[in-house]
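See below for the structure under consideration.
The values are calculated or read from the model by the stated rules, or taken from the named source; none is laboratory data. Here the structure is a predicted model, which means the values were calculated and not measured. Heads up: the accessible areas ignore ligands, DNA and RNA and are worked out on the full protein's heavy atoms, side chains in. Shrake-Rupley method; radii C 1.70, N 1.55, O 1.52, S 1.80 Å.
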Amino acid sequence: IQYFLEAIKAIDAASGGSPSFPDVLGALTQLSTKYKPLGLKFGVATAKPTSNAESDLIGLKISDDLRPLFHHVQGTDAGMSSKPSPDVIVKCAAVLGVDVTRTVYIGDTKRDAAAAKAAGCKGCLTIRRDSTNDDDLGADGLISSFDQIETY
């Protein structure tokens, strides 16, 4: 299963971006190491334009370690509709050469879950920083840390 990750949510707080998920690098590195021989690919599918998403990833303090884990970064570029349209997810899967129906999308908004379902993803997880919030926003599962990805 390939994982699409709304990685922009992992921007380090010190870089002026969104609050970070401190476990993102460790979890993705572990998944990549374990499943890369089986064809696992990570992609970013974001509402931001691709150039902004790439800049945000490069601006992370952990960029040198995190960016190489992603095989493709796909933003919502000209001619594409923004989420909840599935455009960005479908395009990312196509560039990665994967069947979107065999992917799992991870996001943190209702629009993410709607886009993943519209794209036909095998699954969609919602990650929430606030573990007291049990609203999965329409996703197939709720996680509070990236370490929980593999349990789904």
**Message:** Quick check: with the 1.4 Å probe, what order do V95, V100 take by accessible area, largest first?
**Reply:** V95, V100
**Item:** Accessible-area value, K83, 1.4 Å probe, nucleic acids and ligands omitted, Å²
**Value:** 10
**Item:** With DNA, RNA and ligands ignored, accessible area of S145 (1.4 Å probe; Å², nearest 10)
**Value:** 30
**Request:** Pop out the Kirkwood hydrodynamic radius of the range 54-129 from its pairwise C-alpha distances, inverse of mean 1/r, in Å to one decimal.
**Result:** 13.2
**Request:** Report the accessible area of L31, computed with a 1.4 Å probe over the heavy atoms of all protein chains in place, in Å² rounded to the nearest 10.
**Result:** 10
